[in-house]
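Report on the following structure.
The values are calculated or read from the model by the stated rules, or taken from the named source; none is laboratory data. Just so you know, these numbers come straight off a predicted model, no measurement behind them. Quick reminder, even Gly has a Cβ in these numbers, built from the backbone with ideal geometry, and neighbours come from all protein chains shown.
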Amino acid sequence: MARRYLVRTFGCQMNEHDSERIAGLLEADGMVAARSVDDADVVVLNTCCIRENADNKLYGNLGHLKRAKDQRPELQIVVAGCLAQKDRELVRDKAPHVDVVLGTHNVHRAAELIQQARSGGPIVEILDEAVLDDHSLFPSALPARRETTYNAWVTIQIGCDNTCAFCIVPAVRGKEISRPFAEIVGEVEALVADGVTEVTLLGQNVNSYGRDLTLSARQASGQGKVRPLFAELLQAVGAVPGIRRVRYTSPHPKDLRPDTVHAMATTPAVCEHLHLPLQSGSDRVLAAMHRGYTAARYLDKLAAARAALPDLAVSTDIIVGFPGETEHDFEQTLQVVATAEYDFAYTFLFSPRPGTEAAALTEHFVEPTAAGERFERLRVVVERSALAKHRARIGRVEEVLVEGPSKKDPMLTTGRTRQHKLVHFAPTHPLRSGSYALVEITAAAPHHLVGHLLEVTHEARHRRRIPVVAT
């Protein structure tokens, strides 16, 4: 009888994509997906370490799993991902019942390590950096069981060369390494053949994609310029026959170039959505964060993007309470947010991550009550602009990619517009996830739209699969 596995994911899209690859590797090794911990022989926790509650989630889950392992000693528990990369042996020190700890640079070894631990005992294997001549360092080079089958993540780059004071990613993901151009396009072509119509290009800093490749080419030939290749990649992926939507995340404002904006505007498959992390509207705080741009420069780039793509939706990330942030700094952030008029925003209270520059600035930490009050004021400004943007779409006909029944009301169906807006509507008949439909928008809220189904324009043709569990 085949062994059964369960993968639980914490964190960003890169973690979700890594989980798909881990699941694919385990299935290639003969395992099948489990529905719960109770019927799993292997449980993989793929971790994040961006924020403090990620640690709490991991060790809380490991506490629950200890009870399961006490009852079933043959159960194998695996901790992978960024927190494993950071904490290393500390994971087993805190949770000795863990069987395998592996990091971000050896995802391709997951199945092999699980087999070794089954016969030889617990294993901790953390590589300090990716093996540059090993294509398996790119998650997309591995087998996959995707969470959804009508859209897919495609890794174009791993690592990050930036030095943001608050971010642990460079320490756990390593330096930027771009995947070969032709491999990416080839993967998209294969995904289309499998029924995928929407892809999201993934990287820690996607718009610097290819800079290392052009540097290597220049060093080899002594000619050419060192420049990103992201605009060309957008155009090439968007030109793959059968691709209807191309998205990407996450870019860095300092690297958003005019050629990328031009590629978005002139490549029909590229969606009219730009995620552009602001983090702060204060130049003083931005400098302390090492972000590499000013608020004015950020707004100039945003204005240029909106001028080129009139129906562009813009989202962002903002940190409240970065060490040393004053009330004046925060008011500057509110002014920039009001000017930017975001469609939606991911807002976070500063969370010190050991190993980052900001975590050492303890004497400058913002008092929690003040940070919380600022966070609430920011939410009001963000939701005000989001609601205004959504109300402006009432009466429009939107193309939506059907995701499935609403989690809150199964009588309703949910879908996403090209601008990545969530739409709820009543279907006239059961709609398969991955289909495309035209919906007239009839109502708006800060975080979603409501609409009336007009017609289905494209029926899904992807294969059905069992999803990976995300938490």
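Miscellaneous remarks
- If you go through the range 381-416 and pick out every residue that is within 13 Å of ILE441 (Cβ to Cβ) and among the aliphatic types (A, V, I, L, M), you end up with 4.
- Of the helices (runs of 4 or more DSSP H) lying entirely inside the range 151-263, those carrying at least 2 residues that are within 16 Å of HIS275 (Cβ to Cβ) are 230-238.
- Residue within the range 436-444 that is in a loop (DSSP other than H, G, I, E, B) and not polar (S, T, N, Q) present: no
Results for (1) polar (S, T, N, Q); (2) surrounded by fewer than 19 Cβ atoms within 10 Å (Cβ to Cβ); (3) assigned by TED's automatic domain parsing to the domain that holds PRO354, shown as yes or no for each residue.
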position: GLU20; (1), (2), (3): no, no, no
position: ARG35; (1), (2), (3): no, yes, no
position: ARG67; (1), (2), (3): no, yes, no
position: GLN76; (1), (2), (3): yes, no, no
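- Among (1) surrounded by fewer than 21 Cβ atoms within 10 Å (Cβ to Cβ); (2) modelled with pLDDT of 95 or more - the single one THR417 does not satisfy: (1)
- Pair list, Cβ under 7 Å, 6 or more apart: the range 319-333 residue outside the structural domain of HIS290 (by TED's automatic domain parsing), other residue surrounded by fewer than 20 Cβ atoms within 10 Å (Cβ to Cβ): none
- Leading residue by the ranking (farthest from LYS86 (Cα to Cα)) among those in the range 11-52 that are touching a helix residue (DSSP H, G or I) at 6+ places or on another chain (Cβ under 6 Å) and assigned to a loop (DSSP other than H, G, I, E, B): ASP29
- Only residues that are in contact (Cβ under 8 Å) with a residue 40 or more places away in the chain and surrounded by fewer than 17 Cβ atoms within 10 Å (Cβ to Cβ) were counted in the range 258-271, giving 3.
- Within the range 62-91, if we keep just the residues that are modelled with pLDDT of 90 or more and of a type in the set (D, E, K, R), the residue that is nearest to ARG353 (Cα to Cα) turns out to be LYS66.
- Failed condition for GLU373, given (1) outside any helix (DSSP H, G or I); (2) out of contact with any Asp or Glu (no Cβ under 8 Å at 6 or more places or on another chain): (1)
- Within the option set VAL400, VAL337, being outside any helix (DSSP H, G or I), buried (at least 19 other Cβ atoms within 10 Å of the Cβ) and under 24 Å from the mean Cα position of the chain (by Cα) holds for one residue only, VAL400.
- Restricting attention to the range 346-369 and to residues that are part of a loop (DSSP other than H, G, I, E, B) and among the β-branched types (Val, Ile, Thr), the residue that is farthest from the chain's Cα centre (by Cα) turns out to be VAL366.
- Test: residue in the range 43-54 that is crowded, with 21+ Cβ neighbours inside 10 Å, closer than 27 Å to LEU349 by Cα, acidic (Asp, Glu) and under 24 Å from the mean Cα position of the chain (by Cα): no
- Taken residue by residue, the range 282-290 has at least one member that is farther than 21 Å from VAL192 by Cα, in contact (Cβ under 8 Å) with a residue 60 or more places away in the chain, within 23 Å of the chain's Cα centre (by Cα) and not assigned by TED's automatic domain parsing to the domain that holds ILE156.
- Yes/no for GLN279 being crowded, with 17+ Cβ neighbours inside 10 Å and on the phi > 0 side of the Ramachandran plot: yes
- Any hit, the range 342-359, residues being of a type in the set (Gly, Ala, Ser), surrounded by 21 or more Cβ atoms within 10 Å (Cβ to Cβ) and touching a Ser or Thr at 6+ places or on another chain (Cβ under 8 Å): yes
- The listed residues are LEU102, LEU90, LEU25, and the only one of them that is in contact (Cβ under 8 Å) with a residue 60 or more places away in the chain, under 16 Å from ILE123 (Cβ atoms) and not assigned by TED's automatic domain parsing to the domain that holds ILE158 turns out to be LEU25.
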